[in-house]
Amino acid sequence: KVEWGTLLFFASLFILMEALSKLGLIDWIGSQAHAIIMSVEQESRLAAAILIILWVSACASAFVDNIPLTTMMIRIATNLADNRELELPLQPLIWALSFGACLGGNGTLFGSFFLAQNISEIRKIPLVSEKLIGLVPEIVHQEYFELNPAECDYPQHCYLKINLKTNLKSNFPISLTYDMEPINTAIGVIYAACILIFLYVLIIFEIVHKTLAAIIASTMSVAVLAALNARPTIAELISWIDIETLLLLFSMMTLVAIFGETGIFDYLAVLAYKIAKGRIWTLVNTLCFFTAMLSCFLDNVTTALLMTPVTIRLCEMMHLNPVPVLINMILYSNIGGAITPIGDPPNVIIASNPAVIKSGINFSSFTLHMGVGVFFCLTVVYIQLRLMYNVNDLQFDEPNDVQDLKREIEVWKRTAASMGSYSKEETAVKKSLMKRTSSLMGKLDNRTSNTWKSQQELTINMKDLEEQYCIRDKPLLIKSGITMMFVTLAFFLHSIPEVENLGLAWTAFLGALLLLILSGREDIDAIVAKVEWGTLLFFASLFILMEALSKLGLIDWIGSQAHAIIMSVEQESRLAAAILIILWVSACASAFVDNIPLTTMMIRIATNLADNRELELPLQPLIWALSFGACLGGNGTLFG
């Protein structure tokens, strides 16, 4: 492996240069340089010598091999330094020769290589016209090159050059970065898929809390990046977190926490009971309508939780089975939350994405597009629920206390029947059990005969219910209502360019801050304690996880599979194919897994498909498909 050819090459050059020196060539070149240097002033002779050595060696190295050139030029430089008439120091001449001989070869391909060859195909990057430079977003292009060391006989003498050309007639900025050890995406995709599956297993089977599961998965993804020599810094990890989304969630949680203290949710439930006037479907429809409307502008999960206790109480009063009523409310809550960007967490993630904002989607356009589809969904769901449930399905045949008495009597009867009569003690216990059963039977007969009377009593106690579930703080309700109207109006005004720069997150934050000031609450800790900090940490961990999975190549791999499917259909059907893929994949997955990490991943896939110039797909239809799928898909199962 010793490069004997290179050693022989150097030996021959030494002999050649010594022979040329004896023939007088080196001295003649030195005399010409001496004459030029002597023609300038004394104080400028060193600069002249440096320039001669530098530029002669540099220009010659651009066209001839710099090794024999350096062998000759080093003799000339030492001869000039030895000349007592010139009085030149040797070291500056050496630095000039080194710079010229080493860097001069960059002037031409021949000067840089003994043998220049292309090791990759020509890659073309589309650019905009000269007039649009500086107006359109920057173009980011990434290429992977696999270099084979066998293509170079002497790797230590091989150099890699990137040659860039453009047909633009004007200047434009370009930034070039490279990584000599990029992540092997073939291995990275496998690691990323395993981490994602592990996360979903932890969440689905509730092995640990979902927030802890997200923290574990994000930590694992960062560890895999570190193992693949791509460990991110703390600053990079923080930059991966979407602060806009977290700020919007925090602000809306604060607004709901203060708004809920007014008692408005309980009051609306009691109001629905008064409107129904004993009609079962009127009560169910009114409760569902209130839930859907509140879910448009408040967190749908929080709305459902706050409406549930008083709904169960109303169902007890009307002898209704609360299970189908609550199922209807949950369905309407999920559907109602899909209308606006703030009603459901997946919509918050979608609306806060920078690519979505750049595509022109604001609060008004989002609500308008989603509202039409949600109206049809509500109509279909209403018809389906009316066909699935009739009044008998919603209503208990007997009051709850009667059913409890019957179950208790059955238990006592079974216990008495299991007792034998082999001893006096067993006989006494059995008689005691039968006596207890008889007592309960008499109580049951009395309760059954007075059922209507009990219902009348419950109806009369409606006044007590109104007193129990009333507006607890009317001044705070007025302040909260004004603040919510202000925030909602500001959301709709985001279609105006001057207001759009404020952003949904800052609008909600200013509204929460305003309500905190107006409420005059001194116990801020009580309000802050109601903020779901675990949910915020869950979102932050997911942002880090998805960015890490993207760097491992999983997002691009999924996008490439979707790209291949879309490209397999005709040109005019590709948008429909992309919409169907985004819609049904997100909907089916949301029925079984948490839709928040799913949306965090799917929004990246949707934006990647829209950025693909070969597909030429608009982003907005993909966003509507993702929102419908992620928000409504959860209605498929109880877990979703």
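The values are calculated or read from the model by the stated rules, or taken from the named source; none is laboratory data. Owing to the predicted nature of the structure, the values given are computational and were not obtained by experimental measurement. Quick reminder, even Gly has a Cβ in these numbers, built from the backbone with ideal geometry, and neighbours come from all protein chains shown. Keep in mind that these areas ignore ligands, DNA and RNA; they rest on the heavy atoms of the full protein, side chains included. Shrake-Rupley method; radii C 1.70, N 1.55, O 1.52, S 1.80 Å.
One quarter of the convex hull surface built on the alpha carbon atoms of region 553-636 amounts to 5.0 nm², the projected area averaged over directions. Here region 553-636 has 62 percent of its accessible surface on carbon and sulfur atoms, given a 1.4 Å probe and all protein chains in place. Per residue, the accessible area of the chain comes to 57 Å² when a 1.4 Å probe rolls over the protein heavy atoms.
Here the chain is described by how far its Cα atoms reach on the three principal axes: 137, 70, 58 Å, from widest to narrowest.
Cβ-Cβ distance of Ser44 and Ile122, R₀ of 45 Å, FRET efficiency by 1/(1 + (r/R0)^6): the value works out to about 0.40.
Once every DSSP H run of n ≥ 4 in the chain is given -39500 (n - 2.57) and the sum is divided by its residues, what mean residue ellipticity at 222 nm do you get, rounded to the nearest 500 deg cm²/dmol? It comes out at -22500 deg cm²/dmol, rounded to the nearest 500.
Longest stretch of the chain clear of exposed loop sites (GluC sites (Glu not before Pro), DSSP loop, at most 15 other Cβ atoms within 10 Å, sites excluded): 207-521.
Treating the angle as unsigned and between 0 and 90°, give the value, to the nearest 10°, between the Cα long axis of helix 574-590 and the longest Cα principal axis of the chain. Orientation of helix 574-590: about 50 degrees from the principal axis.
Annotation: Trp584 carries an accessible surface of approximately 150 Å², with a 1.4 Å probe and no ligand, DNA or RNA atoms counted.
Counting only residues at least eight positions apart within a chain, or on another chain, the lysines with an alpha carbon under 24 Å from that of Lys424 are Lys413, Lys435. For the set Lys406/Lys431; Lys358/Lys551; Lys274/Lys443; Lys274/Lys474; Lys124/Lys161; Lys124/Lys551, the pairs lying more than 28 angstrom apart at their alpha carbons are Lys274/Lys443.
Multiplying each eigenvalue of the alpha-carbon gyration tensor of region 470-588 by 5 and taking the square root yields semi-axes of 42, 21, 14 Å, largest first, rounded to whole angstroms.
For the chain, the Cβ-based charge dipole about the Cα centre amounts to some 2160 debye (Lys, Arg positive; Asp, Glu negative; other atoms uncharged). Here the extension length gained between Thr637 and Thr415 equals 76.0 nm, from 0.36 nm per residue of separation less the Cα-Cα distance. Round to a whole number: what % of the accessible area of region 4-103 belongs to carbon and sulfur, probe 1.4 Å? Carbon-and-sulfur percentage of accessible area, whole number: 70.
Model label sites at Ala11 and Met485, defined 7 Å from Cα along the beta-carbon direction, differ in position by 9.9 nm.
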